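The values are calculated or read from the model by the stated rules, or taken from the named source; none is laboratory data. Computed from a prediction, not measured in an experiment: that's the story for all the values here. Cβ: placed from backbone, ideal geometry, glycine included. Neighbour counts: every protein chain shown.
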Amino acid sequence: MDREAALERIRRAYADGLISYEELEQRLDGVLSASTGEEVLALIAGLPAAVVEDRALEIAAVSGRIRRRGDWRVPPRIRIESEYGKVQLDLSRAQFESDTVDVELQLTYGWARITVPWSAVVDLDGLVTDWRQPSYRSPRQGSGRGPLVRIFGHMEYGRLKVRHR
């Protein structure tokens, strides 16, 4: 991968609030001192590949951990693809750009944990699983006035846990 493209991708992740300042410094230093393309790829693993024009965030990883948490902007559509990795998507303190968020999961193995705000409404009807059903329990006294989080896609042998904060 081109070193300049990797540096820009790291800067964009920091600007979008996806990584901390400390992580920004560590990744930038690592890219600048990397001697092979594989080292550069390892430093940008788990960062969003692209934010495309329809405001979709695409995150892909073969293995490792994908984690988004804290106060970050959530576009109307998120696509997560992971073959063996672990996905932690915390929407509980996020800023939603729309009333509905579509989360497309393509998981082969591994697991995903999605935390939604207390007031969110979760729709799992579009999720196809080959092995195990997702774990989700709606809150007893949720207001239902929060964002609608639609989770769909395909999970082969992975596990999904959805919970309210």
| said: Need pairs with beta-carbon distance below 9 Å; first residue under 17 Å from Ala5 (Cβ atoms) and among the basic types (Lys, Arg) and within the stretch 22-36, second in a helix (DSSP H, G or I) and modelled with pLDDT of 90 or more; sequence gap 6+ or separate chains. | reply: none
| query | In the stretch 15-32, how many are within 23 Å of Asp90 (Cα to Cα), assigned to a helix (DSSP H, G or I) and in contact with a helix residue (DSSP H, G or I) (Cβ under 6 Å, 6 or more places away or on another chain)? | reply | 2
| remark: Reported set for the stretch 134-148 where residues are polar (S, T, N, Q) and at pLDDT 90 or above is Ser135
| Search result, residues across the stretch 117-161 that are buried (at least 16 other Cβ atoms within 10 Å of the Cβ) and out of contact with any strand residue (DSSP E or B) (no Cβ under 6 Å at 6 or more places or on another chain) | Pro117, Gly142, Gly146
| message | Of the residues Ile59, Ile114, Ile44, only one is surrounded by 14 or more Cβ atoms within 10 Å (Cβ to Cβ) and farther than 23 Å from His154 by Cβ; which? | response | Ile44
| Index of the failed condition, Ala94 passing every other in (1) in contact with a Pro (Cβ under 9 Å, 6 or more places away or on another chain); (2) modelled with pLDDT under 90; (3) small (Gly, Ala, Ser) | (2)
| Only one of (1) within 18 Å of Ile80 (Cβ to Cβ); (2) of a type in the set (D, E, K, R); (3) touching an Asp or Glu at 6+ places or on another chain (Cβ under 9 Å) is not met by Arg163, so which one is it? | (3)
